[in-house]
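Let me begin by presenting the structure, written as structure tokens, before commenting on it.
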Amino acid sequence: MIPAPMLHRPARLLRRPAPLRSSRPVLKAGAKVSEHRLANGLRVLLAERHGDPVVASVLFYPVGARTETEREAGLSHFLEHMMFKGTPRFGKGEVDRITTELGGANNAFTGHDHTAYWFELASDRWERALELEADRMRHLSLERAEFEAERAVVLEELAMGEDDPWRALLRRVEEALFPHHPYGRPIIGYPESLKGLAPDDMRAYYRRFYHPGNATLVVGGDVEPRAALAAIRARFGAIPAGKPLAETDCYRRKLEEPAGEKRVESSWDDPGRRLVVVFPAAKVGTGDDDALDVLATVLAGGQLSRLHRRLVVEEGLATSVSANNDSRVEAGAFWVFAECAQDARPDELEHVLHEELARLAREPIPRAELERARALLVAGEAFEGETVTDVAEALGEWAVDDDWRRAFDGCARHLVLGAPLLRAVAQRVLRPERRVVGWCVPKGASAARAARRRPLRRKAARRTRA
Amino acid sequence: MSPVRARRKPLAVPRLPLERFELACGARLIVSPRRGASVCAVQVHLRGGNSLDPARQLGLAYLTGRLVDQGTRRSSEEELAARLEKAGGSLAGGATGISGQVANERWEVLLETLAECLTEPTYPRDKIERQRQRLIDRLVVDHQDPRTRGVQLFRKLVYGAHWLGRPEAGDAATVRRIARADLARFHAQNWCGKRALIVFCGDVAPEKVRRLLDRRLARFPAGRELGPPDLTFPPRVPRAASFPAERQQAHVFLGHLGITRADPDYAALLVMDHVLGTGPGFTNRVARRLRDELGLAYTVHASISSSAGVLPGTFTAYIGTSPANLATAVAGFRREIERIQREPVPRAELELARSYLLGSFVIGFERAARRVQTIVAAERNHLPDDHLEQLVRAVTAVTADDVRRVAQAHLFPRHACLVVAGPVTKGAVAKLIRG
């Protein structure tokens, strides 16, 4: 019963905490995971796992390249850097100083669809991360001098990426894959876009997107859920709700179906010949997304994958191959990478790679191969959830981009996919007229010229395996 | 400002449970059981590594390890891979042995496959030719990579003719001279029980691991112990090298011969490193000055303790920066090194570094592979089982005077080697090293 004098207090002080909306715990990667939502809209995922005295706190915002205009290219990532530059309460360098004093680690990353800030701390002190995150969610200083100094650092980071032949090639290939769409722009932005940004641009962007209604906080590890929730609520509960991200916040033309194969070529001052073949692919969490995970594993997962066996081991056309199903919120990309062996012809490598992609669309995958791929996917989950930071990051990424319940699901989504369905997805997604082919060749050479220089060295290149 | 108060009792330092065995083949086995682990990991460390490479065949030890899984007397390379991939596992060999991991419930598959590769590799000719060519292709490409070349040149300057100055994987010319017979011979002579340390971590009873390995390694030859290592290194005098390449950034390496893990100043140097160049974020001086204040770089760090091992590591200050910033960056490194030698570290900075070191010991032991690496490193350096507790005590006792003293004793900014790889001329590097 409320004591009588209390009844005269202002209503806002009397108000009982708004009830939390909470889900029942689900077991994921050895952690009991539950979802909660504060009254101001902050979504909280708690992943309780007590193996080590460590807690990871990862705060996600659904912003990245996807939410930038062309003029703003790189702003999300630049803002991520500035989030370490101080607030009126915790001045410049304090986030790092406090984390260091506590013996912890912190960092952040920006992607196409989300930006995340993480702390890893011992479990007797992890709540300090909440204070820092709650404070910088709304009170970033964004001083001009700091803005200018950090712009120089971001430009150095961009220069570092431009010195990598793969990154330089992929930047151009991605532009061709997603023309006029933010996914086609580098997450770090362009020198011109970065130089054109002002603190006011960043302030407006920050105010628009950084608020509880737009954020997902994942706390994983050695925590007691009730106490953790109380701590989270004490730090974040008073922050006013904001307007959640709407589709109108994303500036883009509609993605169009490719009208034919595109080819991109760059050069580098080394003898490497680097090949990438990429297709516009699946939105995250769709059936196609799951199918493309399996197809990527059949193609290039492990020593017994098709591309490794044929291109690297049997025919010696490549020194390495890999494939990646890079699903995103609006449209994904299915990537295949290969490095051409020095004594092989680039056109021969490309031909055989296309041949193997076509085979996926032509023939059902034999049972043994499918079982191998599934086993790799299932076992991969053990590695992906080995640390509490891994678990928190995976849950947060799934939560922001789609649905966290899909994380660590024992690959249930993959295990039900049969060979006919996989073939149908390959037929639809991996069509030659949808692909972008990129080559990075030695300076002064070109992939086409290299192909004309020497005859095909073997007949076996055209064969396909059962 | 919101200072963190010293309100907590010190964290308990993790002491990994260890059970030690000597296998019949002469190998030492250490098992660190871990209840509830989802992943188990193993590492076989073989003494010798590329110190045993003949000068004309640099890369021999590396290739012997890399190709140890290409086939055995009982299984083809495909069969070995199939066994592991079914269990989601992997094995990878290198110059100093072989390591792998697998989902915990399949630990036997991992250890049985590992033992088979250790004891009876056949180095099949067709596989070897192709794999050797792959390595040569990689080396040819790496030969033009400024970052790779920068590291190689720096080690060459610091270590001179000592084997630590050689590239672990050799170069294209030396690898071309390695034949199948060389690999088989190197394996037969150097992969043996008396030089092997095996460390396993997972949710398995240690005795079970011992029984399996004793059985599977029954035919692993005991071999001979290695003699003491060569400890001859060039004197610390300024030497410079460059690798010119058209790039946006230059990779700068400034430093000299470092310390061994057994150095009595190790704890004080660990603290010094955190103040100078490895403290997280912008809490270290070189990151704060060169990155945060001057905006010269995205990556910048400096350390002497991180490479300390059985043999001396290096003191290395690294920055990746635009060519216009080179002189400022090198001068910045020198200034910060000389400052830490000259001025006692202020109390707040010292406390911050110590606080980080003392609080961070509990983090970083979640991964099985990381536990295994920690145990292997401790064992190789003859550290006692309570070495982390000892280190905590030593770090707690480090004073500002200690930091200044060890900085003076172990850092030589005016006798450092300098390598710049990227958009730079030889003349410019010579000018930089003169300061």
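Just so it is clear, none of the values below were taken in a lab; they were calculated from the coordinates. None of these values were measured; they are calculated from a predicted model. FYI the Cβ positions are ideal-geometry reconstructions off the backbone, even for glycines, and counts take in every protein chain you see.
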Restricted to the stretch B:240-434, the DSSP antiparallel beta bridge percent, nearest 5, is 75 percent
Got the relative contact order for chain A handy, in percent, Cα pairs under 8 Å and 6 or more residues apart?
-> 20 percent
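Compute the Cα gyration tensor for the stretch A:156-209, then decide on rounded, prolate or oblate, letting a ≥ b ≥ c be the square roots of its eigenvalues: rounded whenever a/c is under 1.5, prolate when a/b is larger than b/c in the other cases, and oblate in all that remain.
oblate
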Could you compute the FRET efficiency for A:E224 and A:E261, with r as their C-beta to C-beta distance and R0 at 56 Å, rounded to 0.05?
-> 0.50
Shape of chain B from its Cα gyration tensor (a ≥ b ≥ c, root eigenvalues): rounded if a/c is under 1.5, otherwise prolate when a/b > b/c, or oblate?
-> oblate
Label zone at B:L18, where the point sits 7 Å out along the Cα-to-Cβ direction: the stretch B:192-214 residues whose backbone N lies under 16 Å = B:196-202, B:206
Report the extension gain between A:K283 and A:A331 in nm, rounded to one decimal, defined as 0.36 nm multiplied by the number of residues separating them, less their alpha carbon distance.
-> 16.8 nm
If you wrap the stretch A:17-249's Cα atoms in a convex hull and average its projection over all directions, what's the area in nm²?
-> 13.7 nm²
Total charge of the residues flanking B:L197 in space, meaning their Cβ is under 9 Å from its Cβ, with Lys and Arg +1 and Asp and Glu -1, is +3
Residue-averaged beta-carbon neighbours from other chains (10 angstrom radius) around B:363-371 = 5
Using alpha carbon positions and the Kirkwood radius, the Rg to Rh ratio of the stretch B:212-368 is 1.08
XL table B:K156/B:K431; A:K254/A:K283; B:K86/B:K127; A:K195/A:K283; Cα-Cα > 24 Å flagged, in table order, is A:K195/A:K283
With 0.36 nm assigned to each residue of separation and the Cα-Cα distance removed, A:H180 to A:R167 gains 2.7 nm
For each of B:D263, B:D137, A:D96, count neighbouring Cβ atoms within 10 Å of the residue's Cβ, then give the residues from fewest to most.
-> B:D263, A:D96, B:D137
When only DSSP loop residues count, what trypsin sites (Lys or Arg not before Pro) in the stretch B:220-261 have their Cβ near at most 12 other Cβ atoms within 10 Å?
-> B:R224
Along the charge dipole of the stretch A:17-249, Cβ charges K/R +1 and D/E -1, which of A:H181, A:M137, A:T99 sits furthest on the positive end?
-> A:M137
On average, how much area does the Cα convex hull of chain A cover when viewed from any direction, in nm²?
-> 25.4 nm²
Antiparallel content of DSSP bridges confined to chain B, in %, to 5 = 80 percent
Under 19 Å from the 7 Å Cα→Cβ point of A:E148, by amide nitrogen: which residues of the stretch B:290-314?
-> B:290-297
Restricting to the protein assembly as shown, compute how many DSSP beta bridges are antiparallel as a %, nearest 5.
-> 80 percent
For chain B, whose charge dipole is built from +1 on Lys and Arg Cβ atoms and -1 on Asp and Glu Cβ atoms, the candidate among B:V140, B:H251, B:G427 with its Cα farthest towards the positive end is B:G427
How big is the stretch B:251-305 in terms of Cα radius of gyration and Dmax, in angstroms?
-> 12.2, 37
For B:R370 paired with A:K254, estimate the spin-label separation in nm (one decimal), with each label point 7 Å from Cα along the Cα-to-Cβ line.
-> 4.8 nm
Helix B:180-190 axis, angle to chain B major axis (alpha carbon atoms, nearest 10°) | 80 degrees
In whole Å, what is the distance between the alpha-carbon centres of the stretch B:8-87 and the stretch A:201-249?
-> 44 Å
Using R₀ = 30 Å, calculate the FRET efficiency as 1/(1 + (r/R₀)^6) where r is the Cβ-Cβ separation of A:H139 and B:R347; round to 0.05.
-> 0.55
Let me know the charge dipole size of the protein assembly as shown about its Cα centre in debye, to the nearest 20, where only the beta-carbon of Lys, Arg (+1) and Asp, Glu (-1) is charged.
-> 800 debye
Once both label points are put 7 Å beyond Cα along the C-beta direction, the B:E112-B:R73 separation in nm becomes 1.8 nm
Which of rounded, prolate, oblate describes the protein assembly as shown, given a ≥ b ≥ c as roots of the alpha-carbon gyration tensor eigenvalues and a/c under 1.5 marking rounded, otherwise prolate only if a/b is larger than b/c?
-> rounded
Between B:D386 and B:R405, what is the spin-label point distance in nm, taking each point 7 Å from the Cα along the Cα→C-beta axis?
-> 2.4 nm
Work out how much length B:Q189 to B:A430 would gain on full extension: take 0.36 nm times their residue separation and subtract the Cα-Cα distance, in nm to one decimal.
-> 82.3 nm
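Got a sec? How would B:T399, A:T110, A:T100 order by Cβ neighbour count within 10 Å, fewest to most?
B:T399, A:T110, A:T100
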